[in-house]
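A.B. asks: Here it is, the structure in full.
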Amino acid sequence: MITDLSKVRNIGISAHIDSGKTTLTERVLFYTNRIHAIHDVKGKDGVGAKMDSMELERERGITIASAATHCEWKKHHVNIIDTPGHVDFTIEVERSLRVLDGAILVLCSVAGVQSQSFTVDRQMARYHVPRIAFVNKCDRTGANPLRVRDQLREKLGHNPVLLQLPIGLEDKFEGVVDLVRMKALHFTGASGETIEERDIPADLADEAAQAREELLDAVSMYSDELMEAMLEEQVTAELIHSALRKATIARQITPVLMGSAYKNKGVQPLLDAIIGYLPDPTEVTNQALDLEKDEQVLDLESDAGKPLVLLAFKLEDGRYGQLTYLRIYQGTLERDGFIFNARTGKKHKVGRLVRMHADEMEDIQKAIAGDIVAMFGIDCNSGDTFTDGSVHVSMTSMHVPDPVISVAIKPADNAAEIKMSKALRRFSKEDPTFRVAVDPESNETIISGMGELHLEVSLERMKREYNANVATSPPQVAYRETISQQTKFDYTHKKQTGGSGQYGRVAGYIEPYEDGDFDFLDEIKGGVIPRQFIPSVEKGFRSMMPKGQLLGYPVVNVRVCINDGAAHSVDSSDIAFQEAARGAWRSIYHKAKPKILEPIMRVVVEGPTEHSGNVLTTLMQRRGMIIGTQEDGAMARIEAEVPLAEMFAYSNTLRSSTQGKAEFTMEFSRYLEVPSAVAEELMTKHQEQLKAQAGKK
């Protein structure tokens, strides 16, 4: 069991898709002797990377779910979480960074700072996570790590400090110059496991000396000791390490290292930097809310002797039931002990406690503050806080972005319906960005997520893991119908069927009404309709509102006024006047020039100013009306009103037109009339559906 927290590091590896995160993790595991053979991410050898344990991940060569592992390096225990790069799985990165103490921002030496680098950087800033930048793929054509260093400063606003220089680039990339110790490092052996220290090549000596001066100037700003040592020309590697560590943990600088994970170069110095510059659990401030003191903010201490506080940050449906990933913030968690869920108040017994290695696990008896472990047999939600019962606190909430895309799904048969509901329950419990709802109007099951890939992967998992066959279709847009002019009616309902019949006459007018969905005016004088039947008339008209005669959607913004009518002493009844109102509505609806209304969404797009033109084009192509634009430095914000029917698949269009650098949010604004061409198209489609349904009968 881990007892010395200064020897613990909890780190995440985050980056844009295809920057080499999973390849880098694979090399880290190899050099720390956690695995004994290196496998390719794309799975060409039929094995695939250790951390991509899901079959879908190996097929697609992408990371879908964050995977946890741990390793030992120079007598330090390192918990690592490898996170996805796709924006569709951003919640996986979000919840990982929520519980980590430090992170490695991986950047491609050719592409540099990319779209997802912005998102990941925002997430790191949100949780105040110190980071090291690793410029990967220095062996690729077009590699330029110094340009990437500049982009870190210009685009992400970091204070990047080079700790290394490349020895050669592209196909001539041989190793790196360590600017702290002024040594050239070459990586030899079958898998780069041997590090040879040599003198700096003569052609790099001047550049290395200048880069070291820049390093010292940047770091000495945060260390008086180093500043004094520089003045006295007594700078040591230990002084530089100490100053670097202090400034990195305070998030004042970002150390920049480089290499090529695929070619096995530069990974061991990165491991040294993780140990050297990223914080241990005692050097990070974690806060909880005291539920007994009106959610007062409370600092937690990474102390094994304090009351237990832990957070369930990720759930998985494992082979033996629900597997809950936990970060222990305070106290000691022991097998067979008892913990309390702060949200539900339920008491749980700790059953099997494990340490994760991708999809493998090893049993442990106990774990202390600062550690990341997993546990079986506890029913909870992602984001639940647990304590030992002696304190009543909750960890601060995690930022959960709203879903941006939806599809309607329908099970193929009854058996598939049961399997589908099981899968939906599990996915929505595991993933806070995956939402399930039933449309009250169409009765369709609607699933929503962060992008088309997110939903595609969820549907594929439903098929593979639950054998649930489902059909998908775009969800119906919630149109509305209304009338556009005042129209009079005078309708008599008569029915004679032996014995007492039905009789009721209603007269008045209907007109557009802007202040609500439906209004009823009673202007009957002289008792021509007995008072007890007035509510029946209103009920009859109201019953016609849920289904209009154009498309069958609800009718809104209508006022009905009755000012005349007639009753029969024997044949008038509640039913008769309800039917009279319904008949009046049916007879007059088309004369009142009905029209179709569509939901208009308020859309806000935020992204780099350079892509504003493209964003405006994408909105106007979707019948969007631009309300306003704002520019704040390098970022632009565009507000528009766009019909919901035009917003499907917008996330993909926006990404492709802004290189993935823009994000959008969408909320309902109001209903507006659809253009006549769109209305005709909708009515034609509706008539075809009615004919098809009649044909089936």
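The values are calculated or read from the model by the stated rules, or taken from the named source; none is laboratory data. Just so it is clear, the structure is predicted and the values come from calculations on it, not from any experiment. Neighbour counts are summed over all protein chains in view; Cβ atoms, including those assigned to glycine, are modelled from backbone coordinates with ideal geometry.
A.B. asks: When you go through (1) modelled with pLDDT of 75 or more; (2) farther than 27 Å from M544 by Cα; (3) not in a loop (DSSP other than H, G, I, E, B) one by one for L453, which number turns out not to apply?
C.D. replies: The single condition L453 does not satisfy is (1).
Residue by residue, here is whether (1) crowded, with 21+ Cβ neighbours inside 10 Å; (2) among the polar types (S, T, N, Q); (3) not assigned by TED's automatic domain parsing to the domain that holds A103 holds:
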{"site": "L278", "(1), (2), (3)": "yes, no, no"}
{"site": "V297", "(1), (2), (3)": "no, no, yes"}
{"site": "S302", "(1), (2), (3)": "yes, yes, yes"}
{"site": "Q322", "(1), (2), (3)": "no, yes, yes"}
{"site": "R327", "(1), (2), (3)": "yes, no, yes"}
{"site": "F338", "(1), (2), (3)": "no, no, yes"}
{"site": "L353", "(1), (2), (3)": "yes, no, yes"}
{"site": "I364", "(1), (2), (3)": "no, no, yes"}
{"site": "A369", "(1), (2), (3)": "yes, no, yes"}
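Each row is one residue, and each column tells you yes or no for (1) farther than 28 Å from T497 by Cα; (2) surrounded by 18 or more Cβ atoms within 10 Å (Cβ to Cβ); (3) touching a residue at least 24 places away in the same chain (Cβ under 8 Å).
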| residue | (1), (2), (3) |
| --- | --- |
| N563 | yes, no, yes |
| S569 | no, no, no |
| F577 | no, yes, yes |
| L597 | yes, yes, yes |
| I600 | yes, yes, yes |
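A.B. asks: So, one more: Under 9 Å by Cβ, and 6 or more places apart or on different chains, what pairs join a residue from the range 60-80 that is under 11 Å from I372 (Cα atoms) with one that is of a type in the set (F, W, Y) and modelled with pLDDT of 75 or more?
C.D. replies: A68/Y325
A.B. asks: Name the residue, out of R542, R559, that is at pLDDT 90 or above, assigned to a strand (DSSP E or B) and of a type in the set (K, R).
C.D. replies: Values: R542 fails: assigned to a strand (DSSP E or B).
After ruling out the rest, the residue left standing is R559.
A.B. asks: Answer yes or no: is there a residue in the range 612-623 that is without any contact (Cβ under 8 Å) to a residue 60 or more places away in the chain and at positive phi.
C.D. replies: yes
A.B. asks: Right, something else. Restricted to the range 82-97, and to residues that are closer than 24 Å to L271 by Cβ and touching a Lys or Arg at 6+ places or on another chain (Cβ under 9 Å), which residue is modelled with the lowest pLDDT? Can you show your working first?
C.D. replies: Narrowing the range 82-97 to residues closer than 24 Å to L271 by Cβ: 82-85, 92-93, 96-97.
Applying the additional criterion that residues be touching a Lys or Arg at 6+ places or on another chain (Cβ under 9 Å) yields 82-85, 92, 96-97.
Details: D82: 64, T83: 64, P84: 57, G85: 50, E92: 62, S96: 68, L97: 69.
Only one residue tops the list, namely G85.
A.B. asks: Of the numbered conditions (1) more than 15 Å from F386 (Cα to Cα); (2) touching a strand residue (DSSP E or B) at 6+ places or on another chain (Cβ under 7 Å); (3) touching a residue at least 24 places away in the same chain (Cβ under 8 Å); (4) not small (G, A, S), E283 fails exactly one; give the number of that condition.
C.D. replies: (2)
A.B. asks: Can S500 be described as in contact with a helix residue (DSSP H, G or I) (Cβ under 7 Å, 6 or more places away or on another chain), surrounded by fewer than 21 Cβ atoms within 10 Å (Cβ to Cβ) and small (G, A, S)?
C.D. replies: Details: in contact with a helix residue (DSSP H, G or I) (Cβ under 7 Å, 6 or more places away or on another chain): no; surrounded by fewer than 21 Cβ atoms within 10 Å (Cβ to Cβ): yes; small (G, A, S): yes.
No, not satisfied.
A.B. asks: Would you call V235 under 22 Å from I104 (Cβ atoms) and either assigned to a strand (DSSP E or B) or among the hydrophobic types (A, V, I, L, M, F, W, C) (or both)?
C.D. replies: Criteria not met by V235.
A.B. asks: Of T609, T629, T618, which residue is polar (S, T, N, Q), farther than 30 Å from Y503 by Cα, modelled with pLDDT of 85 or more and under 23 Å from the mean Cα position of the chain (by Cα)? Before you say what the answer is, go through the steps one by one.
C.D. replies: Numbers: T609 fails: under 23 Å from the mean Cα position of the chain (by Cα); T629 fails: under 23 Å from the mean Cα position of the chain (by Cα).
Exactly one residue qualifies, and that residue is T618.
A.B. asks: Which of the numbered conditions does T665 fail, given that it passes all the others? Conditions: (1) in contact with a helix residue (DSSP H, G or I) (Cβ under 6 Å, 6 or more places away or on another chain); (2) of a type outside the set (D, E); (3) not in a helix (DSSP H, G or I).
C.D. replies: Unmet for T665, out of (1) in contact with a helix residue (DSSP H, G or I) (Cβ under 6 Å, 6 or more places away or on another chain); (2) of a type outside the set (D, E); (3) not in a helix (DSSP H, G or I): (1).
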